[in-house]
Amino acid sequence: MGFWQLFYSVGSFIAYWIAYATGLHAKALGDWDWKLIIIFQMLVPAIICALLPFIPETPRWYIQKGRIEEARASLKRVRDTDEEVEEEILMIREAMAYETEMNSGNQGLSMYKALFMDKSVRKRLWIAFIINGGQQITGQGSLNSYSTQIYKGIYRDKSTIDLINAINGTCGILFTLNAVWTVDRYGRKFLFIVGGIGMAVCMIAFASVGVATPDTYYTAKPGADQPKILTKEQPVGIALTFLLFLFIFFYKPTWGATTWIWTAEVFSMNVRAQAVGMCSQWQNVSNLIFNQFFPVFLAKASL
């Protein structure tokens, strides 16, 4: 799950650098400036769709359906010996038998009913909803979606903004790698606490620097009728950018990667697929809600 977040950062890295490269040569590319971006957006999903028919189901699903040989074939793709395959099949069967026994002791609750009727599962589900929603409340989603608009209040040149976004995407990969070794060394709760405190300090410092420093107005194009654009002096812009990068440093290995790791670990296997799917969807809903409010907040903050 930590590497899942890492590959998400890799996707952002590629997208930001493509945007920077096309923006840098916008005049030479003409309409291909935006066409290339659309092509790359379609390319990876097209590759995934082409590969999907060749991806096997999970061994657990095959065993649930009684298709043991197909489960063996699936495991042989990722295991070195037949002994490892048989051991894992046995472990899956034992886990499924235990879950069936536990469910029968709870008046035969189905996996969906258990999410809300089983007190232990329900408690974990609500905590998972809070943590996954909290991941979006950090502002990371809004920062990704509206980074260009945010940086327009700091820098004048579009290519500079595109370059900062690209560097941000690069740092995102490096910062997420921290989760690979810190999550088991320090524990999940410790990372949540440190990440939350670190991000809060960065945001308070960012707001303090923005309020305490003078604003500069300029016009993007010459002319008396052109609206004036609010920005900051270069040293202040560098300081603000550093604080946003420091925010990412705290976010990626903690509330970024650890949220997914914690969510995948806290549920038992009989409800894990449904619970993780619901929590993941709640992230999307939360992100949608906050992204609707953020442009209004940004416009009001610029007045």
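For this structure, a couple of remarks:
- Descending by average beta-carbon neighbour count within 10 Å, the peptides 165-175, 197-207 line up as 165-175, 197-207, the highest first.
- For region 36-175, diffusion coefficient by Stokes-Einstein and Kirkwood Rh (Cα), 10 °C, 1.306 mPa s, µm²/s: 78 µm²/s
- Value of D in µm² per second that Stokes-Einstein yields for the chain, Kirkwood Rh from Cα pairs, at 25 °C (0.890 mPa s): 108 µm²/s
- Overall form of region 233-303 per C-alpha gyration tensor (a/c, 1.5; a/b vs b/c): oblate
- The slack between Leu43 and Ile14, meaning 0.36 nm per residue of separation minus the straight C-alpha distance, is 9.2 nm.
- Potential lengthening of the chain between Thr148 and Arg77 amounts to 21.2 nm, from the contour at 0.36 nm per residue minus the alpha-carbon distance.
- Mean separation of Cα contacts under 8 Å (6+ apart) over length of the chain, as relative contact order %: 29 percent
- Protection proxy ranking of 2-13, 184-195 - average other beta-carbon atoms within 10 Å, highest first: 2-13, 184-195
- Cα-Cα separations in region 12-71 greater than 13 Å, expressed as whole percent: 71 percent
- Ligands, DNA and RNA left out, the 1.4 Å accessible surface of the chain is 67% carbon and sulfur atoms.
- Here the peptides 30-39, 145-154 are ranked by packing, the mean other Cβ count within 10 Å, and the order with the highest first is 145-154, 30-39.
- CD proxy at 222 nm, helix term only [per DSSP H run n ≥ 4: -39500 (n - 2.57); per residue of the chain; nearest 500]: -26000 deg cm²/dmol
The values are calculated or read from the model by the stated rules, or taken from the named source; none is laboratory data. Every value quoted in this text rests on a predicted model; they were computed, and no experiment measured them. Because the Cβ atoms are built from the backbone with ideal geometry, glycine has one as well, and the counts that use them run over all protein chains shown. Note: areas computed on protein heavy atoms with side chains; ligands, DNA, RNA excluded. Shrake-Rupley method; radii C 1.70, N 1.55, O 1.52, S 1.80 Å.
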